[in-house]
Amino acid sequence: MKNLVTALAFLATFLAKGQTNPNFDFNFETKWIKNENYTTIFYTVNDTIKTEIGRMNNTVQIEDGFITQSMILKSKMFKNDFIDITTCHATTLKPVFHSSFNDQRIITVAYNQGINAIYKSLNDDKIKTYFQPIKENISFIESSQYQNAVMWLPLKEGYSQKIKTFNYDPNSETGFSEVQIRKVSSENYQTEKSGLRSVWKVIVIYGSKESVSVHYIDKEDRKLWKTEVNGGKVLIIREE
């Protein structure tokens, strides 16, 4: 598994170095971007009972003008780890490469003048391919980047924003959707070891189905402490 992660990261870097960086408008603050390695714990919540269902190792690495992030989810529910690796331009977040691996399929997506995707089912070895030109005036991020990108936005009281994302789905005609930063407000968040933190409470709506998530992001260093999904039925909490 380690060799697979290394190989995918190398491929992402190779593709990135061959990319140009045309006009690409995405409003975020580079001062918050830094090399990171942290773990988040996934819980389901039934009434007041939390049950751990998995742990994700999150890595952000900045090198040669590109950001590479990897997310590796380990869970007893699955035979193998779930692995996502994404590379984007550090100054714009324009996506370059994305790969995703789990028990059922492998997906690779390369972004250049167009979006080139390959899907391989590990159940029957069937392969699907996808291509879509990219219009010059469209700005979007890879959907897997969003977990980190939300921490880098210019958050403040009353801030709102719409962000276009792309998520390749072999069963859909288009992977484009919209993320709405609906509301940002000040809150306090009690951590396990770092005490009471002043945070931004960020309410986000995903796509036309209006799936709602709530993020609690540290005002001082932009750590993402907690995410509530589906009204708190799923919690994602940063390990200290």
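The strands (runs of 3 or more DSSP E) located wholly in the stretch 118-230 that include 2 or more residues which are small (Gly, Ala, Ser) occupy 176-190, 211-218.
Among residues of the stretch 77-88 being assigned to a strand (DSSP E or B) and among the hydrophobic types (A, V, I, L, M, F, W, C), the one that is surrounded by the fewest Cβ atoms within 10 Å (Cβ to Cβ) is 82. Just one of the listed residues (112, 148) is in contact with a strand residue (DSSP E or B) (Cβ under 9 Å, 6 or more places away or on another chain), at pLDDT below 95 and surrounded by fewer than 16 Cβ atoms within 10 Å (Cβ to Cβ), namely 112. Checked against (1) over 25 Å from residue 62 (Cα atoms); (2) touching a residue at least 60 places away in the same chain (Cβ under 8 Å), residue 150 meets all criteria but (1).
Are any of the residues in the stretch 224-231 modelled with pLDDT under 95 and either over 18 Å from the mean Cα position of the chain (by Cα) or within 15 Å of residue 153 (Cβ to Cβ) (or both)? So far as the stretch 224-231 goes, yes, one or more of its residues are modelled with pLDDT under 95 and either over 18 Å from the mean Cα position of the chain (by Cα) or within 15 Å of residue 153 (Cβ to Cβ) (or both).
Of all residues in the stretch 132-146, those that are touching a residue at least 60 places away in the same chain (Cβ under 8 Å) have Cβ atoms under 9 Å from Cβ atoms of residues that are assigned to a helix (DSSP H, G or I), 6 or more apart or on another chain, in 141/149.
The condition of being of a type in the set (A, V, I, L, M, F, W, C), touching a residue at least 24 places away in the same chain (Cβ under 8 Å) and closer than 30 Å to residue 116 by Cβ holds for only one of 199, 204, that being 204. All of (1) under 25 Å from residue 233 (Cβ atoms); (2) free of Cβ contacts under 8 Å to residues at least 40 places away in the same chain; (3) of a type in the set (S, T, N, Q); (4) surrounded by 14 or more Cβ atoms within 10 Å (Cβ to Cβ) hold for residue 100 with one exception: (2). Residues that are over 17 Å from residue 42 (Cβ atoms) and modelled with pLDDT under 95 do occur in the stretch 210-219, at least one of them. Report, by residue number, each residue of the stretch 164-223 that is loosely packed, with under 13 Cβ neighbours inside 10 Å and either closer than 22 Å to residue 84 by Cβ or among the aliphatic types (A, V, I, L, M) (or both). Within the stretch 164-223, 171, 172, 174, 196, 209, 211 meet the criteria.
The values are calculated or read from the model by the stated rules, or taken from the named source; none is laboratory data. Just so it is clear, the structure is predicted and the values come from calculations on it, not from any experiment. FYI the Cβ positions are ideal-geometry reconstructions off the backbone, even for glycines, and counts take in every protein chain you see.
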